[in-house]
Each structure stands twice: as C-alpha cells, then as structure tokens.
C-alpha cells in the first residue's frame, strides 16, 4: 500500500511549463508572400515607373549569392561587415510576389476596381523565375499603372529587349503588347487597407464572413488568388501610394486603423506592412509635397499599420535641394524592403509574451548567449554572435554568426507571462 | 508451527530416566520462530542493481545502483548507494514539445545520486514455493540522505544538485550462503532549484531496483 502511495506521489511532480518556439530555418521565416498594393491613380505614374526601374535592386538584395559580399580584409568597419554578412543570407529567402491595386470599386463601375485581385496572366512571380524583375515589372507596368499615352515619352530607336533608361511608349509596347498597357487607371478613392484585406479573401478557400460585407467580393471571387499564400509564410503588404488610406470600413477623419488589423488577424497569419506613402510629420502636423491630396488621418492609418506590424514607413516624396518636390529614391525603399525580408531570417516571433528572464535560445542544440550592454552600439545596433529580444515584434533577434544557417534547428524556450496559449492534454 | 516446536522441545530421549521440568514456554519468550539459515550480523554486502526512475510524468531514467552495506545486527545495517542513470523524455514530454503544443515542462533529467543511511530489517521469513522449494528472505526499509545530480532536459549547462531524503521498502532473497537477490522500491524526495523558472521545488524520484548482491563470509 505504501509503495503505491509513493508511486502516486511521484506522478504529482510539479513543473513550470515553458513555451517552445522550435523551427527549422529551412521551413520557417524564410518564406515571404509579398503583395504589392499599388496606387494606380493618375497621380502615381512617375512613382510606378521608378518602382519598375529600381526593382532589380530589390531582387538583387534578396537573391545575392555573391560570396564577395562577406567581409574581407578591406572592410574595416565592424558594423558594415556585420550588415553585409547579414544581408548575404538573403539567398535563403523563398518569396512570392504579386500585385494588386488600391482600387476596390465594383468591376461594373468606371473605372473598375480589382478589389484585391492580383494582376497579370502570371499572378505570382517567385524566385524560381529566370527573370523575376522582368516578370514583376511587366505586371506592374502593364496592369497596375495608370499611363496617359500623351505624357509617355517616345523613343523610336528603342529595340525590344534593350534595358531602358526610362519608360517609353515603345518599351511598353514591347513588354505589354501594342497599347495593351492603356486603360489601367484606378479610382481616386484609394483603399489600400481594404485592398490588402480583400487580396487575402481571394486567397483562401473559406474566407471569413467579413469579406462579403460592404464590398464587391462574392462567392465567385473565392480562390481567385490561388497561389500567393503559403502555409507558415509571412505576408508582406507593400503599399505604394501618394495618398493616405480611405478604406470604406473606417469613417472619414478616423485615424485608427485597428479594425483592419483585426480583419487581417482573421486569417491567422503573420503579416507586416511596408508603406511608401505621403510625407507626413505627425508631430509637426505637416504634409509635405502632398501632390496627391493626402489627408493626415488617412496617412496616419498607414503609419500605424506599418508601426504595429513591425514594418516600415518611408515617404514617397520630399523637398529637394532647390525646394522643389521630388520622388524619393525607390532604390532605397526597395533595399529597405529587402532588408525587412532578410530580417525574417534573423527574427523569430514568439507566440506569447515571454518572461524575458526565462528565455533560452538554442541553435542545433547549442545555447546562444543573450546580448549584454557591451554589445550595443550608440545607435542601438547589436554587434555580437548572440541574440536579443525585440519587444516591439515580440521576437528573438539573432545577430552575427549566431544567425541560424539553412536547415539548422532553432529552439526558443520561455515561460509566458500570462499562461499557456492553448489547453494542454496532460 | 507452535505445536511442532513444542513437540520438538518436549521430545527428549525416550530412554531418559529422569524427567526434567522445563517449565512453560511463553509466546513473548520466543524470538526465533524458524531456523535462521542466513545470518547477517557482522557481514558486509555489496550489490549491483539495475533499475529505473519511472514514475515521473515526463521523464524516465534507466539507472544502475551500486550499494554497500554493513550489517551490524540482524535487523539493522548501515550503508551507502551510488546511482548513475540518464533521464529521457517520455511520450508525454515529446508530445507536448511537438508542433501541436509547443510546450516543454521544466523537467530535469536524472544523472546520478549519492546516498547513505540505515536499513531496518525487522522481518525475516521463509517462503514455500509451490511445495518444491523453500526460500529465505528478509524485508527491509531503507532510510537515506544524500544528493542527486540532475540537468535541465533542454539545457545542457543547467545542472541541479539537489539534497534529499529517501525512504522505501526492499526484499532480500537469499541465494545460498553469500548471494542475495534484491528488489527495492525507494522514494528519494529531493529539493531542486530550477534556474529558468527561479523556483525551488520538491521532487520525488521513485526508483525501482532489481539486482544481485554478494555478502562476505560470516564470522
């Protein structure tokens, strides 16, 4: 009897439960489904052109396999060396690229809206394509850009296949087919958040009921973006607009975009917003170079979704040296987008908010140390072979040589601050 | 049995001329109810046992145990035990850590223990097995103190050296003059400081051991 009592007691051993975030680098965080939400109103032609012409920069950032990017003796600055080393890992990224527009009008109206549909005969371009940049630019220029034939320059000497310095009538005819690039102007009521939401509605077999509320979306639109989303991939919405957000589910003058974040949460996916939008300084309350007629509240919505999803917000135009407004450098924007995507490789989101003191991080069974004060530069950069915790993303960030390599197993143990996120079977 | 003993006591030589009055044998005066074939007093015992700490909800630790005992009397001995093993996660541990739950208990795996203490052996008995053989055995109760070394199951650098006390019950089945077959169930109640959670908690390592021992020659 006593022996049985002992056994019963042993079964009562109490343990604190830790959450385990365990991922193989190959199967987690390096899949990115990128949906560009392009403002195709008439004021955005120049910006679309810049985007198309600079897209190579973005692709180069993602696909660099150049071993020369790794620091050699000539690279004396440790920070630069660290950044180069981190970026070189972009070759592990596996991405899908698609484009929709900010126009959500009913297709029966003029101009018709896409309400989240991805453009192009080939809706999704991925890194298996031989000419990723060319395919993407063709979709952008031929299907999602508002061209006014009278304002597009002509270059009679252009021959199809040449690399263009600027977008010309002849180039567009070569890429899209004779005058096939015309007639793609969208509504002046830009709704990037609604378009982002509807693009997901079109991508899943069982869209939530909210997809059908107050939109042109019908059952016939289900799975009309069938290949853009992949399990476990992070969805990146890249919004390019010179206006703010005027999405229909929010009232005029409403600054708070939280209802749209809640709608996107319905899809149970990790997502981020990267926004290239109006030049609005919320602190000063000033909109600079506001050629598109952006509103402060519409712009703040975009700034909010970028901040709250761990993305970034860059301005689409700024004053130049002479005081004139000019487009900001899209090469820089796209490079930053590439860096954001590469960050997926070094950032491992946690399911619950951790008790930081309990975090333990392993890569292939080897414990990685936590960054200490000496590892931070004055700019807040972390320089070490270690990890740090980023509260804004609720993620463990890897640094230096501690960044997991392809196929390495990452295990992160932590005790959640507020209980277990799901009921346990034992 | 009492009747048999009484008969034996009174079965003196039938040819005796004088009758001896031995008096009346009382129950409280009987200290030996059977023939003690395997006395332990003054002998030492070394045993090797295989076993497992098997009753934890998450960890199973196969182990070996080496023990030494010095029998000071038939009912009391003092000794030391060295245990070595390696705890592995049970199915429940693996299931929780899988993709469906992503949870790990802060379980520590058993690596070893050193204990020492006394064994109280109040019972010596014999067993008739199916009418063909008679086995002598004793039943003992170990009381030990010691330390146990454990390591966090998912952290190779996180050890716990946990003090504790152990109690249990064992059976020593005598095999000839010097051999014993030992079966022992012992609960080591240890106090473990767990680093990640910052908690100090009691834990019971209930081990079951089976093995052979060798006793030195008696005096």
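The values are calculated or read from the model by the stated rules, or taken from the named source; none is laboratory data. Computed from a predicted structure; not experimentally measured. Neighbour counts run over all protein chains shown; Cβ positions are idealised from the backbone, glycine included.
Looking at A:217, A:197, which one is buried (at least 21 other Cβ atoms within 10 Å of the Cβ), assigned by TED's automatic domain parsing to the domain that holds residue A:47 and over 23 Å from the mean Cα position of the chain (by Cα)?
Result of the check over A:217, A:197: A:217.
I'm trying to understand the selection: among the residues of segment A:174-214, which are at pLDDT 90 or above, touching a helix residue (DSSP H, G or I) at 6+ places or on another chain (Cβ under 6 Å) and within 16 Å of residue A:113 (Cβ to Cβ)?
A:193, A:197, A:201, A:202, A:211
Filter segment A:144-173 down to the residues that are outside any loop (DSSP other than H, G, I, E, B) and modelled with pLDDT of 85 or more and list them by number.
A:169, A:170, A:171, A:172, A:173
What tally of residues in segment B:189-219 results from selecting those that are in a strand (DSSP E or B) and more than 10 Å from every other protein chain (Cβ to nearest Cβ)?
11
Among the listed residues B:169, B:165, B:180, B:144, which satisfies the condition of being surrounded by fewer than 16 Cβ atoms within 10 Å (Cβ to Cβ) and touching a residue at least 24 places away in the same chain (Cβ under 8 Å)?
Being surrounded by fewer than 16 Cβ atoms within 10 Å (Cβ to Cβ) and touching a residue at least 24 places away in the same chain (Cβ under 8 Å) holds for just one of B:169, B:165, B:180, B:144, which is B:165.
On the basis of being surrounded by fewer than 17 Cβ atoms within 10 Å (Cβ to Cβ) and closer than 17 Å to residue A:104 by Cα, does residue A:251 make the cut?
It is true that residue A:251 is surrounded by fewer than 17 Cβ atoms within 10 Å (Cβ to Cβ) and closer than 17 Å to residue A:104 by Cα.
For residue A:61, indicate whether it is more than 10 Å from every other protein chain (Cβ to nearest Cβ), assigned to a helix (DSSP H, G or I) and modelled with pLDDT of 75 or more.
No; evaluated as a whole, the condition is false for this residue.
What are the pairs with Cβ atoms under 6 angstrom where one residue, in segment A:264-286, is over 18 Å from residue A:241 (Cβ atoms) and in the same structural domain as residue A:326 (by TED's automatic domain parsing) and the other, located anywhere, is assigned to a loop (DSSP other than H, G, I, E, B) and modelled with pLDDT of 90 or more? Sequence gap at least six, or different chains.
Here the result reads A:266/A:208, each pair linking segment A:264-286 to a residue that is assigned to a loop (DSSP other than H, G, I, E, B) and modelled with pLDDT of 90 or more.
So, residue A:216, is that one under 26 Å from residue A:295 (Cβ atoms) and without any contact (Cβ under 8 Å) to a residue 12 or more places away in the chain or not?
no
For the subset of segment A:345-362 comprising residues that are more than 13 Å from every other protein chain (Cβ to nearest Cβ) and buried (at least 17 other Cβ atoms within 10 Å of the Cβ), which member is farthest from residue A:416 (Cα to Cα)?
The qualifying residue farthest from residue A:416 (Cα to Cα) is A:345.
Scan segment A:10-39 for residues that are at pLDDT 80 or above and facing chain B (nearest Cβ under 7 Å) and jot them down.
Once the filter is applied, which keeps residues that are at pLDDT 80 or above and facing chain B (nearest Cβ under 7 Å), segment A:10-39 yields A:13, A:14, A:15, A:16, A:17, A:18.
Given the criteria more than 14 Å from chain B (Cβ to nearest Cβ), out of contact with any helix residue (DSSP H, G or I) (no Cβ under 7 Å at 6 or more places or on another chain) and within 25 Å of residue A:271 (Cα to Cα), does residue A:372 qualify?
Criteria not met by residue A:372.
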